[in-house]
Structure formats: structure tokens, C-alpha cells
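One structure is given below, encoded as C-alpha cells.
Every read-out reported here was derived from the displayed coordinates using simple, explicitly stated rules and does not represent laboratory data. What you see is a predicted model; the values in this text were computed from it and never measured. All Cβ positions, even for glycine, are placed from backbone atoms using ideal geometry, and neighbour counts span all protein chains on display.
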Amino acid sequence: MKPYTTNMDTVKIQLDFNAREQQHNVHSNIITYIRKHYFVNYKDFTDKISRKVNRVFFVYYKDTYIASISTGIYSTYDRHKIPTNIYYISIKLAGLQRYNQAIDNASSDCLFRLCAFINSNELPLKVTQLDIAIDIYAKFNNVLTVCTKKTPNTQYFSLSQQQVFKETRYIENVRYDRLHKVSKHAYTYDKAHKEGLKYDLTRFELSLKPKFFSKNGINMDEIAKALDRYHVMCFPTITEKQNKITEYENFANFRARDIKKIGFEAYRVYPDLMYINEFLHWMFTVELFHFEEDIYKW
């Protein structure tokens, strides 16, 4: 079996407020704080329908974008369908593990500094997106991912179905413009090709969306169940992989009990749940004094 690791890729967090003034004050304080450690610039975006301008702040390590900070508003409704406006701040860290040590260190540092600022000020931190990755040190064509516990009313690509991108295989067949409506989606791609690495690396990625966290919150049991729906496998040869695909597709209705019959377990790689739990624990408990006293160790 090829070596593999569990990593986080994209993390998105959000702060919700009942008053626009509170949103504005906290947002200004966050920008002021992170500017002490990283270069911050902004860009204005105009909504095509409302024509309102939204200013998004981008955080950089040297010339590389590592985070974005934006604001917005949405409405919630009580049982009488009376709306309440919620003013939010959204912070997105994309690409926490790019296999560039300096950038990866800066991305993690930026995320946990922002979490530390939020926690130290007792602000209401919540996670709205978490992309969990299993990185396998193997060629893309030697890796196979099968959703063995399918979700009702969800379309899936067949294992032999041709897809748009040569170096990426999506598991769920969901249109791009509908991704925001699903609770999760998964795919496997050639990480070495994307990052220009000189060694083989294939990534399986499960993206947990706002709908997932709205229903479950931060619940490790539910995160583990979501990951367990997928068999991520690494094969020593392409022929062996193709033989298993043929066996799988010969089942008219594949059920969980058929996993043993087909022998998927012999090739399976598993996510490190302890790592995921510790990562989330740090996000919600790290404070500024961890950095000030040099006891932050993530």
C-alpha cells in the first residue's frame, strides 16, 4: 500500500450578527488585526441584479492569495414567516495544503490567527465549509473512489463514464450551478499535476457544505459517517483496478454487504479522524495568548 495522509484544503468560517453596526465594527477589527501579519488588499464587486457594491478583502503571503474576508446579509424566518436580517462576516482559507511549505505554513498560521482573534473576543464562530483530503502518494490512474453508501435522490457518475477533465473524477453528478444546494460532494484529482510536483500524488477530497453544518453543526460522528460513504482505494496495477471496476459494475444493485464479496477493503485507505478532530478542536479553542507565548504548535 502506498503511503497517504489526511489534510484540510478549504476551510470557510462565518460570524453572524443581529446588527449591521456590530458586523461593521468586528469586520474592521479583523482587518486591522490580520494586517499586522499579512498584506491585505481589496476589490469591489458589483451585484448584477441589485447593483450593490460588495468589498472583498484578500489576504496574501508574499504574492500568493491565501484568504478572503467578505460581508453580507441573509434572512431567517420564524414560524409566522416573519423575517429577521442576519449580518455576517465570511472568512475563507483556500488551499491549506499545496505542498509548498512556506505557503502552507502561512495559510495555517493565518487561519489559526483569525480563529484566535475570534475566540479571544468571544465571537460566535461557526464553520460553513470544510474540505477534507486524503492525499495518496500514487499515480492518479492507480486510485479509485466508489461511493458505496449512496444518498437517496442523488445522481452518481458510473465508474466507466467519461468525464470532462482528464485529471479529475467527480463522484456525484451535480451541475456546477447546483453545488451550493448539496450538503456534500466528492472528487478525486491529480494533485501532482495541479501543483506541478515532481512526484506522484493523488487527492480524494470531500467537501462538506453549509447545508451539512446547518443540519449537523460540528459533529465528528456525522463527519465520520460522511467520509465512510466512500471507499477510496489504491491499486498496485491498472489491470487490478480495472478488474475490480468490472466486478463492481456486474452487480445490478450494489449493497454495503457486497463490499466483502468484491474485496474492496484490501485496497482501501482511511481518513485520520483523530487529525480532523484535533484540527477542529484547535479552531475553536486557540486564543491570542497561544501566539504571544509561542505555545501554538499546529
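Highest GNM mean-square fluctuation among Lys126, Lys198, Lys215, for the chain modelled with Cα contacts below 10 Å: Lys198.
Using 0.36 nm times the number of residues separating Asp16 and Phe165, minus their current alpha carbon distance, what extension gain do you get?
Working: separation 149, 0.36 × 149 = 53.64 nm, distance 3.74 nm.
Here the answer is 49.9 nm.
Of the trypsin sites (Lys or Arg not before Pro) found in segment 9-61, those that fall in a DSSP loop while having at most 11 other beta-carbon atoms within 10 Å are Lys36, Lys48, Arg51, Lys52.
Residue separation of Asp177 and Ala224 scaled by 0.36 nm, minus their Cα-Cα distance, works out to 14.2 nm of gained length. By the helix-only formula, in which each DSSP H run with n ≥ 4 contributes -39500 (n - 2.57) and the sum is divided by residues, the chain has a 222 nm mean residue ellipticity of -9000 deg cm²/dmol. The HN-Hα couplings worked out from phi for segment 175-182 by the Karplus form 6.51 cos²θ - 1.76 cosθ + 1.60 (θ = phi - 60°) are 5, 4, 6, 10, 4, 5, 9, 8 Hz, whole numbers, x standing for Gly and Pro. In this structure, the pairs whose alpha-carbon distance is over 26 Å, taken from Lys12/Lys184; Lys225/Lys260; Lys48/Lys92; Lys36/Lys198, are Lys36/Lys198. Residues whose amide H comes within less than 5 Å of that of Thr128, counting only those at least five positions distant or on another chain, are Lys12, Ile13, Gln14 (H built at 1.01 Å from N in the peptide plane).
Residue separation of Lys36 and Thr84 scaled by 0.36 nm, minus their Cα-Cα distance, works out to 13.8 nm of gained length. Projected over all directions and averaged, the alpha-carbon convex hull of the chain occupies 18.3 nm².
Suppose every K and R has +1 on its Cβ and every D and E has -1 on its Cβ; what is the size of the dipole of segment 1-114 about the Cα centre, in Debye to the nearest 20? Each step should come with its number before you reach the end.
Working: 16 positive and 9 negative charges, 45 e Å.
Value, rounded to 20: 220 debye.
Close amide H pairs (under 5 Å, H built 1.01 Å from N) link Asn173 with Gln155, Tyr156, Phe157, residues at least 5 positions away or on another chain. Couplings for segment 208-213, taken from phi via the Karplus curve 6.51 cos²θ - 1.76 cosθ + 1.60 with θ = phi - 60°, read 8, 9, x, 4, 5, 6 Hz in order; Gly and Pro are left as x.
Kindly point out which whole DSSP H helices in the chain project their C-alpha atoms 27 angstrom or further along the helix axis while averaging a Kyte-Doolittle hydropathy of -1.0 or above. Walk me through the intermediate numbers first.
Details: long enough: 101-120 (28 Å, 0.41).
Passing helices, by number: 101-120.
Under a point-charge model restricted to the Cβ atoms of Lys and Arg (+1) and Asp and Glu (-1), what is the dipole moment magnitude of the chain relative to its Cα centre, in debye to the nearest 20? Before the final figure, lay out each step's value.
On the way: 43 positive and 33 negative charges, 238 e Å.
Magnitude of the dipole: close to 1140 debye.
Per-residue 3J(HN,Hα) values for segment 66-72, derived from phi via the Karplus relation 6.51 cos²θ - 1.76 cosθ + 1.60 with θ = phi - 60°, read 10, 7, 10, 10, 9, 10, x Hz in sequence order (x marks Gly and Pro). Here the calculated FRET efficiency for Asn153 and Glu195, from their Cβ-Cβ distance with R0 = 25 Å, stands at 0.10, rounded to the nearest 0.05. Name the residue farthest towards the positive end of the dipole of the chain from the options Cys147, Ala106, Asn119, assuming +1 on Cβ of Lys and Arg, -1 on Cβ of Asp and Glu, about the Cα centre. Result: Cys147, furthest along the dipole toward the positive end.
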